[in-house]
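Worksheet: the structure to be examined is printed underneath.
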Amino acid sequence: MSPTGLSGASGLAGPSAVAGPAERLVLSRERLRLAMAPPVARAGSSGAARNPIGAWFDDLKANPVSAMLIDAVTRWWARHPLRLAGMVAAGATTAVVRPMAQRYPLGLVVAALVIGGLLAWSRPWRWLLTPALLAGFVPRMFSSLMAMVPSQAWMAVLTSLTQPQQPQQQPPANVPVQPTDAATKHE
């Protein structure tokens, strides 16, 4: 048996292999640690199998139109002032909420329930997204996104959209089919 109380091929000792309460405590803690550890990627597994969203996003970026839009939105968000404010707020919230969650986990759940109920009752999305607000915001956002996209990307998109589709070749319907030599020999 190893110093951690683990043995065997599976890495965990059976209940009969542990003698005292201290060893059972060590074994229980080791089982919890293993259960809560992030899964280790196998050598033969691909990243797409582990993260289907990442694979979907890579496929989305392969399309030139969506890649252009994703690039423009990413550059816009990198310069947006709310990005920095959000990062600072996330750090401050983590610093404040983590100790509270460790001391009062049930209180945190009740607070989340109350806040969620207030949001559902007040429906801020109804009064926040008014047509007048969107009428001033959408054109401004659209023009700033379009200004960020390089002109070469626009030309590539327009070229791909304006290229004519190659029609599929089909035999004309009014041309009679000539019998082959094999078909005439059987007659």
P(r) for the stretch 46-99: what percent of alpha-carbon pairs falls in each 5 Å bin, starting at zero?
-> 4, 17, 13, 13, 14, 19, 13, 5, 1, 0
Ignoring ligands, DNA and RNA, what accessible area per residue does the stretch 62-149 give at 1.4 Å, in Å²?
-> 79
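The values are calculated or read from the model by the stated rules, or taken from the named source; none is laboratory data. Computed from a prediction, not measured in an experiment: that's the story for all the values here. Just so you know, the surface numbers come from the protein's heavy atoms only, side chains and all, with ligands and any DNA or RNA stripped out. Shrake-Rupley method; radii C 1.70, N 1.55, O 1.52, S 1.80 Å.
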